[in-house]
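A.B. asks: First the structure, then my questions, so here it is.
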Amino acid sequence: IAEGVTVTGFGIENRRIEYPVIDGKQGKGYTRVAEFTFSPDGKRVAHWAVQNGKLLVVADGRESAPYDELGLPVFSSDSKSLAHGADVGRRKFVVLNGQPQKAYAFVGEPEFSPDGKRLAYLADLSADGPTVLVDSGREGKQYDVIQEQLYFSPAGQRLAMVTSATDHEMVVVDGVEGNRYDHVITLGGGKVAFDDENRWHYLAVKDGEVLLVEETIGE
């Protein structure tokens, strides 16, 4: 059930066929239906379906292409866009509004910026890396490791990530690399925290000392 709005969605089973029920209206039957996801405005709904041994995303009643594996659908904050991960054989890619994006050896979960204008996810160029950030379809610099958690600024104008190498870690914001540290603290509540669109801070360790790092950009 979408919180704060009237749209509801769930599945029912009848003679081993499962049916989505959206706002009281029964939809097409499938082998299985699951993972109902609602848009923030409550006007759209997407769910998984299994048909002929393949996985589909059914969004607003329209079926996607069949896939071998699926990630959870996610709507943008303005409810206009829908993205999810998908696999076909060894090809792994993100699907944006029904359109498959570039395939990689691995893709992480897609995430929209707070304003809904940017879609970001991590991708491995091969089974052994390296890893890149894909931001609105554009690949960033290659790194050995990019930590899974991404950090958007409050309005979504900036995007931060933490990269790791054998001898250092650092925070990268919109492609601009910060100073290198022995460790950037991201566990136990540690994170890259934005004070506004151009200022952020985080905790880091260098030479055994814990530091509060404050950085700015574009000023």
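The values are calculated or read from the model by the stated rules, or taken from the named source; none is laboratory data. Everything quoted here is computed from the prediction, not taken from an experiment. Here Cβ is always computed from backbone atoms with ideal geometry, including for glycine, and neighbour counts include all displayed protein chains. Protein only, heavy atoms only, side chains kept; ligands, DNA and RNA dropped before computing areas. Shrake-Rupley method; radii C 1.70, N 1.55, O 1.52, S 1.80 Å.
A.B. asks: Restricting the search to the range 187-212, which residues are at pLDDT below 95 and among the basic types (Lys, Arg)?
C.D. replies: none
A.B. asks: For the range 64-77, give me each residue that is open to solvent by 50 Å² or more (accessible area, probe 1.4 Å) and within 11 Å of residue 37 (Cα to Cα).
C.D. replies: 72
A.B. asks: Another question, then. For residue 160, state whether it is open to solvent by 50 Å² or more (accessible area, probe 1.4 Å), hydrophobic (A, V, I, L, M, F, W, C) and either part of a strand (DSSP E or B) or out of contact with any strand residue (DSSP E or B) (no Cβ under 6 Å at 6 or more places or on another chain) (or both).
C.D. replies: Taking the combined requirement at face value, the residue does not satisfy it.
A.B. asks: Can you give me the number of residues within the range 155-179 that are on the phi > 0 side of the Ramachandran plot, among the small types (Gly, Ala, Ser) and within 18 Å of the chain's Cα centre (by Cα)?
C.D. replies: 1
A.B. asks: In the range 182-191, is there at least one residue being open to solvent by less than 20 Å² (accessible area, probe 1.4 Å), outside any loop (DSSP other than H, G, I, E, B) and under 18 Å from residue 123 (Cβ atoms)?
C.D. replies: no
A.B. asks: Search the range 168-195 for residues that are touching a residue at least 24 places away in the same chain (Cβ under 8 Å) and polar (S, T, N, Q) and pair each with any residue that is surrounded by fewer than 19 Cβ atoms within 10 Å (Cβ to Cβ) and in a strand (DSSP E or B) when their beta-carbon atoms are under 9 Å apart and the residues are at least 6 apart or on different chains.
C.D. replies: Cβ pairs passing all conditions: 179/170; 179/206; 179/213; 179/215.
A.B. asks: Taking the stated definitions as given, is residue 35 of a type in the set (Asp, Glu), closer than 30 Å to residue 144 by Cα and open to solvent by 80 Å² or more (accessible area, probe 1.4 Å)?
C.D. replies: Criteria not met by residue 35.
A.B. asks: Restricted to the range 38-59, and to residues that are assigned to a loop (DSSP other than H, G, I, E, B) and open to solvent by 60 Å² or more (accessible area, probe 1.4 Å), which residue is nearest to residue 122 (Cα to Cα)?
C.D. replies: Across the range 38-59, the extreme among qualifying residues is 40.
A.B. asks: Now for a separate question. Looking at residue 177 and the list (1) among the charged types (D, E, K, R); (2) out of contact with any Asp or Glu (no Cβ under 9 Å at 6 or more places or on another chain); (3) farther than 24 Å from residue 195 by Cα, which single condition is not satisfied?
C.D. replies: Result: residue 177 passes all but (3).
A.B. asks: Related question: Is it the case that some residue within the range 78-99 is among the small types (Gly, Ala, Ser), more than 20 Å from residue 139 (Cα to Cα) and open to solvent by less than 20 Å² (accessible area, probe 1.4 Å)?
C.D. replies: The answer is yes; a qualifying residue exists.
A.B. asks: In the range 37-46, which residues are modelled with pLDDT of 90 or more and not polar (S, T, N, Q)?
C.D. replies: 38, 40, 41, 43, 44, 45, 46
A.B. asks: Does the range 121-140 contain any residue that is touching a Pro at 6+ places or on another chain (Cβ under 6 Å), assigned to a strand (DSSP E or B) and of a type outside the set (D, E, K, R)?
C.D. replies: Taking every residue of the range 121-140 in turn, at least one turns out to be touching a Pro at 6+ places or on another chain (Cβ under 6 Å), assigned to a strand (DSSP E or B) and of a type outside the set (D, E, K, R).
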